Structure formats: C-alpha cells, structure tokens
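A.B. asks: Handing you a structure now.
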Amino acid sequence: MTDELTSRERKQVARLSRGNELIESIAIASLQLRKLGTDIPREYRYRSYEEFFLKHGRLYRPQPFPPKYRKWRGKPQACLYNALELALSCPELEYVEGYALHMDASIPVPMDHSWCVDADGNVVDPTWYKTVGRDYFGLALDKWLLTERHEKGEPFGLMFNEELFLDVASGKQDWRKWLARGSDASARSGDCNRDPPMTTNKWKARPMKRRKPRKTKPTEDDITITCQHEAADAVIPRAGYPPA
C-alpha cells in the first residue's frame, strides 16, 4: 500500500505515525481514501472515519485484562456490545471507539474496535481478554449521551452510526459534544459488583441495529457509505476491515 503513495505522502505518514505501525496503517488508509472521496463537498471536514480518528484520537496503553472485570468477559466479534456493557456497569471506565491491532496479527491491519479505558488511559478490553491487543488508537466517547441517542432508535456509537458520523464529518454536529465527560471515570471507583445494566434495565429492550456485514478482506472495490446530506450527495469511503 505504501508504494501507492507519493514521496510527500510517505513523509506525512512518517511524521504522523512516529514509528507506530497502527497509526501508520491508519494514516495510509486515510490518505488513500481521501483520493477516492473526490466527490465529497468541500464543507465536509473529514473524508473518512480514518481521517477523523487520526486527527482527534490518541494511543491507549495495553495491559492484561484485570481479574476484577472477569464478570464482563465478552464474546468474540461483539466488541461494541462487550465494551458498552462493561462501561455502563463500571463508572470508573470510559467507552472508546477506534482501531486496534490484535497481538496475533501478522500484518498491521487496523481493525474497527471498541474497548474501555480507566482514568489512567489503561486499556480494559473485554473482547480480547485472553490476549490483549498490541496497540489501541481511538477516542473516548460519552457513553451516556450515546445511550440516550440509541434509546431514540439510532444505532449505538459514533463509528457504528453512519448518520451521526456524517453530521460530524460535515460540521453539522460538533465532534467535541460526543467526547467522554471525564468526570465519569473518577466518579465512583471499583463499583462493579452489581449486575450489568444491559441485563436488568430497559436499555436492552431495544436491540441494537447492526451494520450490514462488511467484506472480510480489503479489495480494490472499497466499501463506501452513501448518504444524501441536505443540498449535496456525499460518499464517505472507508477501508472495509471487519470489526473485532
């Protein structure tokens, strides 16, 4: 993929990644997807999910899955549900969306992923609890605000809610509004002995809307998200890697 970039773009990737292979892969995907999105209106601030997270995301520190959260160990290929259930159950944790590299990955392919973090930025990953990921790069989001929006019938999250992301990409919604409040992570520490709220309250009464299955391997025909946004049609391309 790097060979398709110009010399100037390679230097840009090197400057952004600073030697981190996950950020490097996200940067390469962002640049290539920007080339595909030539029909996106100029007022759109971000041409892809990768570009948004690359600009506003941060690295989080991997750590072995803490034993005190073993009650929330989740199923494979269900990272959004696993991370959300844990984040809503434990107020000292924040919900994060972004990209991660699995420890067993032979090539640095960024995977769409959701996980939790503590107040110190340490990863608590209920999906990859057996073998923690090699690298995590994303953005901590307001779990309560996203839950309120989901209860109105929308898909949960920012990365998994195409309509919401397009509002953010176009500038219609301020991305800062969706950031974690910060105080949630330190409000009450260690209060994780009660049952997960998803199994006891009305939140589970409305099933989450799943995105259409994506291709398991990237191909030349990149998956695109098509939307009609007010006066102009827009296509936000994405790399097409499956969520973990």
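FYI, it's all coordinate maths here, none of it is from the lab. Keep in mind that what you see is a predicted model, and the values were worked out from it rather than measured. Here the Cβ positions follow ideal geometry from the backbone for every residue, glycine too, while neighbour counts run over all protein chains shown.
A.B. asks: Short version: ³J(HN,Hα) in whole Hz for each residue of the range 94-102, in order, from phi by Karplus 6.51 cos²θ - 1.76 cosθ + 1.60 (θ = phi - 60°), x for Gly and Pro, what are they?
C.D. replies: The phi angles translate into 10, 8, 10, 10, x, 10, 8, 10, 6 Hz.
A.B. asks: Quick one: Karplus J couplings for the range 104-112, per residue in order, coefficients 6.51, -1.76, 1.60, θ = phi - 60°, nearest Hz, x for Gly and Pro?
C.D. replies: Per-residue couplings from phi come out as 8, 5, 7, 10, x, 9, x, 9, 4 Hz.
A.B. asks: Roughly how many whole Å is it from the C-alpha centroid of the range 55-120 to that of the range 14-33?
C.D. replies: First find each Cα centre; the distance between them is then 21 Å.
A.B. asks: Follow-up. Could you please report the charge total around residue 76, scoring K, R as +1 and D, E as -1 over all other residues with beta-carbon less than 13 angstrom from its beta-carbon?
C.D. replies: Numbers: positive: 73, 75, 130; negative: 104, 125.
Net of charged neighbours comes to +1.
A.B. asks: Exceeding 25 Å between C-alpha atoms, which entries from my cross-link table qualify? They are 35/172; 55/177; 71/152; 68/143. Before the final figure, lay out each step's value.
C.D. replies: Working: 35/172 23 Å; 55/177 16 Å; 71/152 29 Å; 68/143 21 Å.
In this structure, 71/152 exceed 25 Å between Cα atoms.
A.B. asks: OK, next. Return the long-range amide H neighbours of residue 135 (sequence gap of 5 or more, or a different chain), with a cut-off of under 5 Å between placed amide H atoms.
C.D. replies: The answer is 101.
A.B. asks: How big is the range 1-137 in terms of Cα radius of gyration and Dmax, in angstroms?
C.D. replies: 16.3, 49
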